[in-house]
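J.: My questions all concern the structure below.
The values are calculated or read from the model by the stated rules, or taken from the named source; none is laboratory data. Computed from a predicted structure; not experimentally measured. Cβ: placed from backbone, ideal geometry, glycine included. Neighbour counts: every protein chain shown. Side chains included, ligands, DNA and RNA excluded: accessible areas come from the protein's heavy atoms. Shrake-Rupley method; radii C 1.70, N 1.55, O 1.52, S 1.80 Å.
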Amino acid sequence: MKNVELLGTLWLVTMCLNKFFAPIYQPFILLKGVFSYFLMYGNFFFAGILFYNLRTKGNSWYRHFGLVLCLLVTYLCSCREETVVFFVFLVVFYLFIYGHLTWLSQKPLIYLGAISYSLYLTHSKIGFVILQYLDILQVNPYVKFILPLACAFIIATLMTYCIERQAMKYIRRTYKDWEKRRALKKVLD
């Protein structure tokens with residue numbers, strides 16, 4: 001974690017090398033499978049790390065420069081539309097980390113932010129299954145819109161508050177207990 005910004009910069013270089021020197025649609029032999037996604041989208045992941053570090057560790061020229069490099073890699077390795085969308089996201093994230101989007105702190109938006117990951121994970125599968133059944137039943141188009149949407153929100157809410165939050169409490173508690181045992185062992189040794 002100490003060198004994550006340096007590693008991220010090297011990863012951007014790897015993405016460009018892969019784009020311009022590897023055979024078309026064939027990532028480096030050692031970087032197949034899951035790593036091939038990082039070769040296509042690692043710039044977005046690294047931008048998130050840089051924004052997190054800007055927010056938590058403060059300003060530094062190399063973090064801002066790293067974000068410029070992420071945008072440049074997007075331009076070099078992606079289509080024009082993806083570059084424009086990424087630029088818009090960069091602007092929005094800059095506004096956020098410098099406190100210019102505080103008006104978004106409304107309860108409905110906070111709720112949507114809280115369930116967003118669970119909603120992301122489940123919406124397409126749930127919606128697709130429900131839509132298949134509703135197509136068979138030939139229901140009203142409004143029902144075909146509202147019912148899958150409501151089900152996705154309900155399931156995402158249940159996952160967030162009944163599973164994810166409870167699991168995080170357990171993980172944090174377990175980690176704190178482990179840290180206490182480790183500190184006690186150091187004292188005793």
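J.: Put a dot 7 Å past each Cα toward the Cβ at Glu81 and Tyr117; how far apart are the dots in nm?
T.: 2.9 nm
J.: Within a Cβ distance under 15 Å of Gly127, other residues only, what is the Lys/Arg minus Asp/Glu net charge?
T.: Local charge sum for Gly127: +1.
J.: May I ask you to list the chymotrypsin sites (Phe, Trp or Tyr not before Pro) in the stretch 96-189 that are in a DSSP loop and have at most 15 other Cβ atoms within 10 Å of their Cβ?
T.: Tyr98
J.: Right, another one. Where in the chain are the DSSP H helices whose C-alpha atoms run 18 Å or more along the long axis and whose mean Kyte hydropathy is at least -0.5?
T.: Span-like helices here: 4-21, 34-57, 61-77, 80-97, 107-137, 141-158.
J.: Provide the gained length on full extension for the span Leu10 to Thr102, in nm with one decimal, where the gain is 0.36 nm per separating residue minus the Cα-Cα distance.
T.: 29.7 nm
J.: Separate question: Could you rank Val143, Val68 by how accessible they are, 1.4 Å probe, largest area first?
T.: So, going from the largest accessible area down, we get Val68, Val143.
J.: Let me ask something else about it. Estimate the FRET efficiency between Tyr62 and Tyr94 by the formula 1/(1 + (r/R0)^6), using the beta-carbon distance for r and 22 Å for R0, to the nearest 0.05.
T.: 0.85
J.: With the chain treated as a Gaussian network of Cα nodes joined by springs under 10 Å, which of Leu12, Leu50, Leu134 yields the largest mean-square fluctuation?
T.: In this elastic network of the chain, the residue with the biggest mean-square fluctuation among Leu12, Leu50, Leu134 is Leu134.
J.: Quote the relative contact order of the chain in percent (integer), defining contacts as alpha-carbon pairs under 8 Å separated by 6+ residues.
T.: For the chain, the relative contact order is 15 percent.
J.: Right, something else. So, in Å, what gap is there between the alpha-carbon centers of the stretch 67-104 and the stretch 109-171?
T.: Centre-to-centre distance over Cα atoms comes out at 28 Å.
J.: Using helices alone, I'd like the mean residue ellipticity at 222 nm for the chain: each DSSP H run of four-plus residues gives -39500 (n - 2.57), total over residue count, nearest 500. If you can, show how the numbers build up before the last one.
T.: Details: 7 runs with 150 residues, N = 189.
The helix-only estimate for the chain comes to -27500 deg cm²/dmol at 222 nm.
J.: Can you give the net charge of the other residues whose Cβ lies under 15 Å from the Cβ of Phe87, counting K and R as +1 and D and E as -1?
T.: -1
J.: Sticking with this one: Please tell me which of these pairs span more than 31 angstrom C-alpha to C-alpha: Lys19/Lys144; Lys2/Lys180; Lys2/Lys107; Lys57/Lys169?
T.: Lys19/Lys144; Lys2/Lys107
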